[in-house]
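Worksheet: the structure to be examined is printed underneath.
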Amino acid sequence: LTVPAIRQRKKDDVTEQPIVMLTAYTARQAQLLDTHCDILLVGDSLGQVIYGLDSTVPVTLEMMANHAAAVVRGSYHSVVVVDMPFGSYEASKEKAFESAAYLLKASGAAAVKLEGGAAMAETVAFLNQRGIPVMGHVGLTPQAVNVLGGYGARGRSDAEAEKIVNDARALDEAGAFAIVIEGVVEPIAIEATRAVSCPTIGIGASAQCDGQVLVTEDMLGMFDRVPRFVKRYEDIAGIIEKTVAQYAEEVRNRSFPTEDQTYQPKA
Ligand code: KIV
Ligand code: NA
């Protein structure tokens, strides 16, 4: 799959299939997800999910580059998109280009994602014109948690709603190939989707977005505390705990290893 092919996947008729996107941070995870997805996102959510950080704010370019390279090694079908971390792109379009070029060169990913709407439009156009496709991200933008004051849903006031739709429009006009809409009340997510020519990808937004994304560890049930918009498809944490408890017990009562797992000198 390619970025232009994704750009064309706007739900303009009912036969168009929604875009399937999940996060991936490691090579093995990418291998398991790749054939089922259209896009693998190396999200800066790895700050919390992999590194145990409180927010995505401390995530660095090097962390993103390393995980993106691993995901690219594990995938051959999906488009790999890598998040630009906080502080690597906001100051200027030139700084954004340098950071984005570094991420793509270090990893082999196809595109970057950055947070923010109209304020980032000039940067999105600058990167796109210089060979770096950009995915936008509006609504609840976690890197701005210190300004937003939390992770609550956006678009409940008229002013917020208008800003979200305008932000989506500005990114679309700047040439973004897709836009993530996160944590936005449904009517505004739908309005933003209709207002733009590129596909929108919802997370806590609406089934009427042109695609959906979740954090893989969230939907697999690796964590006990997840946002309301996450559907837990499995209880992988429960499976891991049960399995590890069995291993620990078998080591302690000497029933592991058995002959099957033990080398003997040649007979
Ligand atoms: O970092 C991330 O995982 C994301 C998705 C939730 C859209 O930005
Ligand atoms: Na992110």
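The values are calculated or read from the model by the stated rules, or taken from the named source; none is laboratory data. All values reported here derive from a predicted model rather than from experimental measurement. No Cβ is skipped: glycine too gets one built from the backbone with ideal geometry, and neighbour counts run over all protein chains shown.
One table, with the values for the structure above:
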| quantity | calculated |
| --- | --- |
| Residues of the stretch 208-266 that turn out to be of a type in the set (S, T, Y) and either touching a strand residue (DSSP E or B) at 6+ places or on another chain (Cβ under 8 Å) or within 16 Å of ligand 2 (Cβ to nearest atom) (or both), as a count | 1 |
| Test set (1) under 22 Å from I19 (Cα atoms); (2) more than 13 Å from ligand 1 (Cβ to nearest atom) - V112 fails condition number | (2) |
| Meets criteria (among the hydrophobic types (A, V, I, L, M, F, W, C), touching a helix residue (DSSP H, G or I) at 6+ places or on another chain (Cβ under 8 Å), under 21 Å from R194 (Cβ atoms) and buried (at least 18 other Cβ atoms within 10 Å of the Cβ)) for A178 | yes |
| Any chance K266 is out of contact with any Pro (no Cβ under 8 Å at 6 or more places or on another chain), modelled with pLDDT under 95 and either more than 16 Å from ligand 1 (Cβ to nearest atom) or in a strand (DSSP E or B) (or both) | yes |
| In the stretch 31-59, residue surrounded by the fewest Cβ atoms within 10 Å (Cβ to Cβ) [restricted to those that are more than 19 Å from G202 (Cα to Cα) and more than 14 Å from ligand 1 (Cβ to nearest atom)] | G52 |
| Lone qualifier among A205, A168, A189 - being among the aliphatic types (A, V, I, L, M), part of a loop (DSSP other than H, G, I, E, B) and touching a strand residue (DSSP E or B) at 6+ places or on another chain (Cβ under 6 Å) | A205 |
| Selection within the stretch 105-122 - within 28 Å of G204 (Cα to Cα) and in contact with a strand residue (DSSP E or B) (Cβ under 8 Å, 6 or more places away or on another chain) | A109, A110, A111, V112, K113, L114, E115, G116, G117, M120 |
